[in-house]
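Report on the following structure.
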Amino acid sequence: MFSPSQETFLPCKCASVRNGTARVDVPSAGDALGNSVRLLPLQIVKVFSEDCIGKVVEIPAEMTARDLCQLLVYKSHCVDDNSWALVEHHPAMGLERCLEDHEVVVQVQASMTSESKFLFRKNYAKYEFFKNPLNFFPEQMVAWCQESNSTIPPSHLLQSFLNSSSCPEIQGHLYVKESSRKAWKKQHMFLRRSGLYVSTKGASKEPRHLQLLADLEDSNIFTVIAGRRILNAPTEYGFCIKPNRVRSEQKELRMLCAEDEQSRTCWMTAFRLFKYGILLYQNYKIPQQRKALLSHFSAPVRSVSENSLVAMDFSGRIGRVIDNPVEAQSAALEEGHAWRCEEDGQMFFSLDDGATKFTDLIQLVEFYQLNRGVLPCKLKHPCTIVAL
């Protein structure tokens, strides 16, 4: 299933490609009187896979991160489980972030340095907070901006972030890297829709005690890689607020450090929700809506090789061919249900009632060729790696 922007890569009447601009014949009403030609600008983007192999693709200037991921999934012949992501990686600064699905790839690339690059990899947790919000927002970190001792009920947690008229905030201690020094200072912070604030007097949230540390609208939030080694950070759970105008100037970056992984995830998730709001929820729902739409129109199609197969019964000591069509269909349905399990609306294959699950049958077969029995612990996500 292609989105409109992906159809640019399908066969078309292309006269030439020169200087990043493709001369493409576009059918129009004027074709009846004469050939009408429109110039569609194309941009070069290089994307690296997890095994560090790069692939150069030509994309339309308006292509989004979601559409590019869909294109790479198609070109790489990998399973499309809506968990692929495009990662903006800055090795010199030790920063990386997953692009939001609606972001325009070319615009992001324009703000990157020559050393920066795009990575194509899995991110199962990109929208996990919509499914399990309580795991992402500890009760003691979420409150209302104007009330000193008021917490948000769990049932209204996500709604408070998505509703632009509400004023929730994330509060807690963070380590802040001081400008032009490797020293870190522990301070009380408040994250609101208007920005990240530091309290100049303990944990006070009075306006006169709050100082704006970073703006959300013209910035993006990144995970800090190897912060302890590069920045002498106090913990491993660093993140950074980087203004969009900044390319490589370290002094313009707001380096922060949390006490643990849960609190870092809370700060970073809240930043995304404050910045994009309901747009994130729409991004989350699009794959589910497409899946529901396809389920109404799609029908199983048998290939030529499948038509040459026969149904077999291996329940006894000797296998036998099932000649009765009714019995064959019943066996196929029984086998299909036995091998399949559903979780969060996604279908998986499993031989042990979901203890070990796979996104496709090839993974299942290869796993049991290499392993005897089930794993000693449950996998949180199916493991997948793809080479571009």
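For segment 192-277, what does the relative contact order come out to in percent, with C-alpha contacts under 8 Å and a separation of six or more? Across segment 192-277, relative contact order equals 24 percent.
Of all aspartates and glutamates in the structure, those lying under 16 Å Cα to Cα from Lys177, and not within fewer than 8 positions of it along the same chain, are Glu236, Glu249, Glu252, Glu259. Here the alpha carbons of segment 171-256 define both size measures, Rg and Dmax, at 12.8, 37 Å. Between Leu351 and Gln211, the contour length at 0.36 nm per residue exceeds the alpha carbon distance by 44.7 nm. Could you calculate the FRET efficiency of Gln288 with Lys75 from 1/(1 + (r/R0)^6), where r is the beta carbon distance between them and R0 is 25 Å, rounded to 0.05? Calculated value: 0.55. Applying 1/(1 + (r/R0)^6) with r as the Cβ-Cβ distance of Cys167 and Gln329 and R0 = 41 angstrom yields a FRET efficiency of 0.10. May I ask for the net charge around Ala258, where only other residues with Cβ less than 10 Å from the Cβ of Ala258 are counted and Lys, Arg are +1 while Asp, Glu are -1? Once all neighbours under 10 Å are counted, the net charge is -3. Each part reduced to its alpha carbon centroid, segment 156-185 and segment 78-95 end up 24 Å apart. Compactness ratio for segment 128-281: Cα radius of gyration over 2.2 N^0.38 Å (N = residue count) comes to 1.00. Ranked by the mean number of other Cβ atoms within 10 Å of their residues, highest first, the peptides 353-363, 269-279, 64-74 come out as 64-74, 269-279, 353-363.
Stretched out straight at 0.36 nm per residue, the stretch from Asn135 to Lys186 would grow longer than its current Cα-Cα span by 15.9 nm. The local environment of Tyr237, defined by Cβ-Cβ distances under 12 Å, has a net charge of -2 under the rule Lys, Arg +1 and Asp, Glu -1.
Throughout, read-outs are computed from the coordinates displayed, never taken from laboratory work. Computed from a predicted model, the values in this text were never measured in an experiment. Note that we place each Cβ from the backbone using ideal geometry, even for glycine, and neighbour counts take in every protein chain shown.
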